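Step one of this worksheet: look at the structure below.
The values are calculated or read from the model by the stated rules, or taken from the named source; none is laboratory data. Since the model is a prediction, treat every value here as computed from it, not as a measurement. Cβ sites come from the backbone with ideal geometry, for glycine too, and all protein chains shown count toward neighbours. Just so you know, the surface numbers come from the protein's heavy atoms only, side chains and all, with ligands and any DNA or RNA stripped out. Shrake-Rupley method; radii C 1.70, N 1.55, O 1.52, S 1.80 Å.
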Amino acid sequence: MTVIESIPVKPAAVNLCKARPPHPRPQGQDRYTISEVSALSGLTAHTLRWYERIGLMPHVDRSHTGQRRFTNKDLDWLAFVTKLRLTGMPVADMVRYAELVREGEHTFDARQELLEQTRRDVLTRMAELQDTLAVLDHKINFYADSRRAAERA
């Protein structure tokens, strides 16, 4: 068994993606301005515009005055994209994933492979971080033990 295989996957963490986040407004009345989405998502308006420009948010509705109007579905997508960013997935891969989603169900295999590769990358990084944490714990314990020994002397 490798270190990666020994890292447990918590079922609760996996189920978080299945839980639908509560939205401030009901479907049909779910029109949010860019500043509201910025406040709800934690992303800046600049980032939201950039996501739209590069194809991560290509179908944001506009009001009659041209103002962006986001929906609950857009908020769900942004939550997912934010999780992908936290995995360290390159933006190019995120855009590719978004393109695959837009292409339809016949891209399920390609999407799954992209997510599986990202998962493998995350597990590798987690193993590296576990090793790093072990080194830090060792050093912290070393200094704590040294301090206790000096106090006894």
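ARG62 - would you say it is closer than 16 Å to LEU48 by Cα and open to solvent by 60 Å² or more (accessible area, probe 1.4 Å)? Full working, then the answer.
On the way: closer than 16 Å to LEU48 by Cα: yes; open to solvent by 60 Å² or more (accessible area, probe 1.4 Å): yes.
Against the criterion (closer than 16 Å to LEU48 by Cα and open to solvent by 60 Å² or more (accessible area, probe 1.4 Å)), ARG62 qualifies.
I'd like to check something: does region 129-138 contain any residue that is part of a helix (DSSP H, G or I), free of Cβ contacts under 8 Å to residues at least 60 places away in the same chain and under 15 Å from the mean Cα position of the chain (by Cα)?
Looking through region 129-138, none of the residues is part of a helix (DSSP H, G or I), free of Cβ contacts under 8 Å to residues at least 60 places away in the same chain and under 15 Å from the mean Cα position of the chain (by Cα).
What pairs come up if the first residue lies in region 46-68 and is at positive phi, the second is part of a helix (DSSP H, G or I) and not aromatic (Phe, Trp, Tyr), and their beta carbons are under 8 Å apart, counting only those six or more places apart or on different chains?
Close Cβ pairs (under 8 Å, with a partner that is part of a helix (DSSP H, G or I) and not aromatic (Phe, Trp, Tyr)) amount to GLY55/VAL95; GLY55/ALA98; GLY55/GLU99.
Collect the residues in region 34-66 that are under 24 Å from GLU99 (Cα atoms) and among the polar types (S, T, N, Q), keeping them in residue-number order.
Across region 34-66, the qualifying residues are SER38, SER41, THR44, THR47.
Any residue that is closer than 23 Å to LEU78 by Cα, basic (Lys, Arg) and either open to solvent by 100 Å² or more (accessible area, probe 1.4 Å) or in contact (Cβ under 8 Å) with a residue 12 or more places away in the chain (or both) - is there at least one of those in region 97-117?
Checked region 97-117: at least one residue is closer than 23 Å to LEU78 by Cα, basic (Lys, Arg) and either open to solvent by 100 Å² or more (accessible area, probe 1.4 Å) or in contact (Cβ under 8 Å) with a residue 12 or more places away in the chain (or both).
I'm trying to understand the selection: among the residues of region 70-86, which are in contact with a Lys or Arg (Cβ under 8 Å, 6 or more places away or on another chain) and buried (at least 16 other Cβ atoms within 10 Å of the Cβ)? Even if it seems obvious, please write down each step before you answer.
In the first step, residues of region 70-86 are kept if they are in contact with a Lys or Arg (Cβ under 8 Å, 6 or more places away or on another chain); the result is 70-72, 76.
Answer for region 70-86, where residues must be in contact with a Lys or Arg (Cβ under 8 Å, 6 or more places away or on another chain) and buried (at least 16 other Cβ atoms within 10 Å of the Cβ): PHE70, THR71, ASN72.
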